[in-house]
1. Which residue pairs have Cβ atoms under 9 Å apart, sit 6 or more places apart or on different chains, and have a first residue in region 1-18 that is at positive phi and loosely packed, with under 11 Cβ neighbours inside 10 Å and a second that is at pLDDT 75 or above and not basic (Lys, Arg)?
2. Return yes or no: is CYS12 at pLDDT below 90 and within 16 Å of the chain's Cα centre (by Cα)?
3. Would you call VAL23 surrounded by 15 or more Cβ atoms within 10 Å (Cβ to Cβ) and at pLDDT 80 or above?
Amino acid sequence: MRSAQGPSAPDCTGRILQESAIVDRAIVRHQREAAFRGRTEEAHAMEDLCSGISRMVLALTRPLQQSNAA
């Protein structure tokens, strides 16, 4: 049975990390394909997207990790 409060912070952090890893792998796969096919501009855009997602995940999970440590 689910609690009325919703998922805990560690659950949210774990889920964010898990789902972002799936997205990251898809982007890296797309980036490799673009580079292989000579679409360097697209490959660079995928690289930028991947680093942007990493920064976003850090921003989303950092406050949750800090509140757990307190």
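1. These pairs meet every condition: GLY6/CYS12.
2. yes
3. No; evaluated as a whole, the condition is false for this residue.
The values are calculated or read from the model by the stated rules, or taken from the named source; none is laboratory data. Only a predicted model underlies this, so the values are computations on that prediction, with no experimental measurement involved. Cβ: placed from backbone, ideal geometry, glycine included. Neighbour counts: every protein chain shown.
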